[in-house]
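Below you'll find the structure, written out as structure tokens, and then a few comments.
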Amino acid sequence: MRVIAYRHNGIDNLGVMVDEKKFLSLASVTPELPVTMMGLLNVNEWQAKVEAFVHGKSGDLSIKDVQLLPLISDTPVIWCVGVNYKEHQEETGRGAQEEPMFFIRTNHGLIGPYDPIIRPNISNMLDFEGELAVIIGKGGRHISKEDAHEHIAGYAIFNDATIRDWQRHTIQFCPGKNFEGTGPLGPWMMTPDEFGDPYAQSLTTRLNGEEVQYTSIADMDHKIDKQIEYLSTIHTLRPGDIISTGTPGGVGSRREPPLWMEPGDTVSVEITGLGIIENKIEQEG
């Protein structure tokens, strides 16, 4: 199942994709269910209930006719893993990390999967970081690696677009990771039963059509189950929490000369079996 968050005629809603273009508005068939992703994820047995309502029905809207929103605009937290792929570890000079290296993004920077990424006036060092995002559907504390899969609601694509000079103001990363208009998330949340084994998939980031990042998801260092176990040791994971699992090598800041995203550029992140997000770069107004 692929669930989208969208806006149509000024009204926000959720939808379920029935093919690559058409979707079924949940409000039209399940008026008793919430119309936000956070609300839906907090409904007990939400997936089974949605599947029962939409079974056998055809799509009534096209994604071309609506604005796709960031999947969970009010997510409690976005945990991002730094240097979690070998090639990125090497290009940054950090090497392998004994434990996953997490930093936090807030929901303020989230945008839809096709919205423009905003380059702020304060910096021209706008970089790309294609990543696989994991959305928590079942809360819990001290979750074991063996049980981690039970807590995943679905997967999405994230571009952890970064203002590099502001990231380097502090070893905590957070300033450069939280500029408004720099976090496209989408295009939908795909449930694990449809996505299957994430480690059988690959990730490709393209800038103006040219490949700039490529990796097999299997090359991830600290795997998803380890990340969930680690984070749930710190605090109780909640439905709607997002874990962005790390970017591969090839980022613009580590190239010679550096490759920054500029107004007019188009950046896309594709994960096989999951989809693609694509964003124009615009200068802050």
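Ranking Gly140, Gly93, Phe158 by how far each Cα lies toward the positive end of the dipole of the chain (charges on Cβ) leaves Gly140 at the top. Within a straight-line Cα-Cα reach of under 25 Å, Lys22 can be paired with the following lysines, leaving aside sequence neighbours fewer than 8 residues apart in one chain: Lys49, Lys57, Lys64, Lys280. Among the trypsin sites (Lys or Arg not before Pro) found in segment 1-33, those both in a DSSP coil and sparsely packed, with 16 or fewer other Cβ atoms within 10 Å of their Cβ, are Lys21. Assuming charge only on the beta carbon of Lys and Arg (+1) and of Asp and Glu (-1), the dipole of segment 2-68 about its Cα centre is about 140 debye to the nearest 20. Each residue of segment 16-32 was assigned a 3J(HN,Hα) from its phi angle through the Karplus curve 6.51 cos²θ - 1.76 cosθ + 1.60 (θ = phi - 60°); the sequence is 10, 5, 9, 8, 6, 10, 9, 9, 10, 5, 5, 4, 6, 10, 9, x, 7 Hz, with glycine and proline shown as x.
Cα-Cα pairs above 19 Å in segment 1-148: how many percent? Tail of P(r) above 19 Å: 64 percent of Cα pairs.
Run lengths n ≥ 4 of DSSP H only: what is the helix-derived mean residue ellipticity at 222 nm for the chain, with -39500 (n - 2.57) per run over all residues, to the nearest 500?
Helix contribution divided over all residues of the chain: -4000 deg cm²/dmol.
The calculated FRET efficiency for the pair Asp60 and Lys145, based on their C-beta separation and a Förster distance of 45 Å, comes to about 0.65.
For segment 193-198, backbone phi angles converted through the Karplus equation (6.51, -1.76, 1.60; θ = phi - 60°) give residue-by-residue couplings of 5, 8, 6, x, 6, x Hz, Gly and Pro being listed as x.
Using C-alpha pairs under 8 Å with a sequence gap of at least 6, the mean separation divided by the residue count of segment 78-283 gives a relative contact order of 34 percent. For segment 51-139, the dipole from Cβ point charges (+1 on Lys and Arg, -1 on Asp and Glu) about the Cα centre works out to 220 debye, to the nearest 20. Once the Cα atoms are used to define both axes, helix 224-234 deviates from the longest principal axis of the chain by about 90 degrees.
May I ask for the distance between the Cα centers of segment 196-240 and segment 103-134, given as a whole number of Å? Each part's Cα centre sits 17 Å from the other's.
Across all directions of projection, what mean area in square nanometres is found for the Cα convex hull of segment 2-68? Mind showing how you got there, number by number?
Details: hull surface 16.6 nm².
The orientation-averaged projected area of the Cα hull of segment 2-68 comes to 4.2 nm².
Between Asn9 and Lys280, the C-beta separation translates, for a Förster distance of 22 Å, into a calculated FRET efficiency of about 0.40. Positive end of the dipole of segment 220-285 (Cβ unit charges, origin at the Cα centre): among Gly249, Thr272, Leu237, the Cα lying farthest that way belongs to Leu237. Note that segment 186-262 shows a convex hull volume over its alpha carbon atoms of 149 Å³ per residue. Which one, Met261, Phe179, Pro192, is farthest towards the positive end of the dipole of the chain when Lys and Arg carry +1 and Asp and Glu -1 on their Cβ? With unit charges placed on the Cβ atoms, the residue in question is Phe179.
On the beta carbon distance between Val43 and Ser216, with R0 = 41 Å, the FRET formula returns roughly 0.75.
Once you mark the GluC sites (Glu not before Pro) that are in a DSSP loop and have at most 10 other Cβ atoms within 10 Å, what is the longest gap between them in the chain? Kindly include the intermediate steps, with their values, before the conclusion.
Values: sites that count: Glu20, Glu32, Glu45, Glu98.
The longest uninterrupted stretch comes out as 99-285.
Dipole magnitude for the chain: computed about the Cα centre from +1 point charges on Lys and Arg Cβ and -1 point charges on Asp and Glu Cβ, it is near 420 debye.
Output needed for the chain: three equivalent-ellipsoid semi-axes, defined as square roots of 5 times the C-alpha gyration tensor eigenvalues, in descending order, whole Å.
Numbers: eigenvalues 172, 102, 54 Å².
For the chain, the semi-axes come out at 29, 23, 16 Å.
Just so you know, all these numbers are worked out from the coordinates, no wet-lab data involved. If you're wondering where the values come from, they're calculated on a predicted model, not measured in any experiment. Virtual Cβ from ideal backbone geometry, glycine too; neighbours counted across all protein chains shown.
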